[in-house]
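Accompanying notes for the structure given below.
The values are calculated or read from the model by the stated rules, or taken from the named source; none is laboratory data. All values reported here derive from a predicted model rather than from experimental measurement. A quick note on method: Cβ atoms are made from the backbone with ideal geometry, for glycine too, and the neighbour counts reach across all protein chains shown.
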Amino acid sequence: MSKTTEKKSAAHKSYSAQIWHQFKKNKGAVIGLVIFILIVIVAIAANFVFDYDTDIVGMNSAQRLLPPSLEHPFGTDQMGRDVLARVCYGAKYSLLIGVVSVLISVVFGSIIGAIAGFVGGTVESVIMRTVELLLMIPGLLLVILIVYCLGATIPNLMLALGLSTVPHFARNARAAVLTVRGNEYVEAARAIGSTGPKTLFKHVLPNALSPILVQATSRIAGCIIDAAGYSFLGLGVPAPLPEWGAMLSDGRGFMREYPFLEIFPGLAIMITVLAINLVGDGLRDALDPKLKR
């Protein structure tokens with residue numbers, strides 16, 4: 001390894017360590033990160049702990065609507081399926097929808113916004129006027145339209161949620177690039193012959209990712225809530241696959257007599273969203289130089 005490579009690696013480690021040090025100062029963010037990791041572990045372990053055909057999508061009339069007990073800690077639903085198993089297994093779908101939807105938004109939104117902010121002029125005007133037109137369309141309407149046209153499936157829901165927030169990420173990426181493109185290292189890259197696309201994607205965009213990452217973290221929580229809402233309306237994960245919003249929809253007819261059918265999926269959504277928001281707050285504090293002490 002050359003000395004230049006070693007210096008770059010050391011600088012990268014030092015920067016990462018600095019971010020982690022700032023992140024650890026926020027106790028709420030650390031708690032949120034621990035909770036989120038536990039939820040991910042639960043989502044992965046559900047495949048091995050529970051019987052998919054019996055506990056999750058199966059039907060057992062003899063076990064219908066049993067209250068919480070040692071055998072079924074969260075009770076059973078109207079089909080005789082174990083609610084704990086479905087909540088744990090449903091974590092996979094909720095997290096997957098949240099993460100993939102945000103990845104779609106980040107990739108497309110960041111590229112569009114970065115090009116607008118870096119190139120400027122007519123290109124920027126055309127892109128940003130188009131983005132503003134898209135922002136005029138309510139996200140709810142856009143998602144419903146896409147899911148209705150393509151069908152209520154998990155990939156279509158992820159695509160719809162991702163595309164609905166591309167304009168928001170584009171605006172954020174443009175603003176971040178505008179603050180970076182005039183820095184000295186960008187001018188130095190141009191002076192040594194770096195082309196426009198290379199300068200943008202190698203020197204400008206990587207140094208403008210901090211606000212985009214913070215926005216993406218917070219948006220994961222928003223996508224989980226949105227996915228639960230659309231599943232509640234029948235536009236999300238198709239039955240009999242468990243998803244927290246779909247579970248809330250299935251149990252609403254039994255809310256008064258068997259409230260546990262609503263309580264446990266609702267708590268899963270609340271805890272997951274709270275944990276992600278706490279992580280997002282900690283990440284914002286760690287990446288914002290104005291907030292560092």
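Put simply, of ILE154, ILE144 the only residue that is over 18 Å from the mean Cα position of the chain (by Cα) and either over 30 Å from ILE37 (Cβ atoms) or surrounded by fewer than 21 Cβ atoms within 10 Å (Cβ to Cβ) (or both) is ILE144. Of the listed requirements (1) in contact with a strand residue (DSSP E or B) (Cβ under 8 Å, 6 or more places away or on another chain); (2) assigned to a helix (DSSP H, G or I), PHE108 misses just one: (1). In the set ASP53, ASP77, ASP82, only one residue is surrounded by fewer than 14 Cβ atoms within 10 Å (Cβ to Cβ), within 29 Å of the chain's Cα centre (by Cα) and within 15 Å of LEU241 (Cα to Cα); that residue is ASP53. For the range 234-291, a residue qualifies if it is among the acidic types (Asp, Glu) and under 18 Å from ALA91 (Cα atoms), and the qualifying residues are GLU243, ASP250, GLU262. Would you mind stating whether THR54 is modelled with pLDDT of 90 or more and on the phi < 0 side of the Ramachandran plot? So THR54 does not fit the description; no. Do we have any residue at all in the range 237-251 that's in contact (Cβ under 8 Å) with a residue 60 or more places away in the chain, farther than 19 Å from GLN78 by Cβ and among the β-branched types (Val, Ile, Thr)? No.
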